[in-house]
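Only one structure is covered here, and it is reproduced in the block below.
Read the figures in this text as sums done on the coordinates, not as results from a lab. Predicted model only: the values in this text are computed from it and were never measured. A quick note on method: Cβ atoms are made from the backbone with ideal geometry, for glycine too, and the neighbour counts reach across all protein chains shown.
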Amino acid sequence: MDRLMQYRQIIRSVLQPYVEISYANVQVRNLAAFDDQTNQYVILSEGWDRQQHLHGCLIHIEIVNGKVWVQVDGTEDGIAEALIQAGIPKTEIVLGFHEPEIRPYTGFAIA
């Protein structure tokens with residue numbers, strides 16, 4: 001299996017449990033939107049908190065030029081750590097939600 005296919009598989013397996021999350025205090029469901037053609041992997045949250053409709057991106061990961069870019073991370077523990085635990089090297093993960101000037105200090109890839 002080539003590296004790109006391996007990264008796709010790891011990302012899918014790391015993100016899939018987020019679809020199963022059940023929230024006690026709000027009626028929200030998480031939905032997976034995975035696209036191997038464009039290398040986009042998104043977990044969307046949608047539901048209601050009393051009379052307020054909630055809809056947003058919990059996690060957005062994409063593969064760009066062979067690197068795994070974490071564009072949005074709304075998790076408590078950090079999705080990048082889960083990707084590392086699953087086998088993607090820290091040097092292959094870019095924390096895209098950080099400004100480019102900050103990335104060299106994160107310990108992750110810069111681009």
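Some notes on this structure:
- The calculated FRET efficiency for N65 paired with V19, based on their beta-carbon distance and R0 = 41 Å, is about 0.90.
- For the stretch 67-111: span of alpha carbons on each principal axis (Å, largest first): 27, 21, 15
- Spin-label proximity, L4 to the stretch 21-39 - amide N less than 18 Å from point 7 Å beyond Cα toward beta carbon: 34-39
- Label point distance in nm, T38-V72, each placed 7 Å from Cα along Cα→Cβ: 1.3 nm
- For the chain, the relative contact order is 17 percent, taking Cα pairs closer than 8 Å that sit 6 or more residues apart in sequence and dividing their mean separation by the residue count.
- Candidates R50, R29, R12: whichever shows maximal mean-square fluctuation once the chain is modelled as a Gaussian network with Cα springs under 10 Å: R50
- When each of the peptides 58-69, 79-90, 94-105, 15-26 is scored by how many other beta carbons lie within 10 Å of its residues on average, the order from highest to lowest is 58-69, 79-90, 94-105, 15-26.
- Scaled radius of gyration (Cα, divided by 2.2 N^0.38 Å) that the stretch 3-105 gives: 1.12
- In degrees, nearest ten, helix 3-19 long axis to first principal axis of the chain (Cα): 20 degrees
- In the stretch 2-61, the ratio of gyration radius to Kirkwood radius, Rg to Rh, stands at 1.08 when only Cα atoms are counted.
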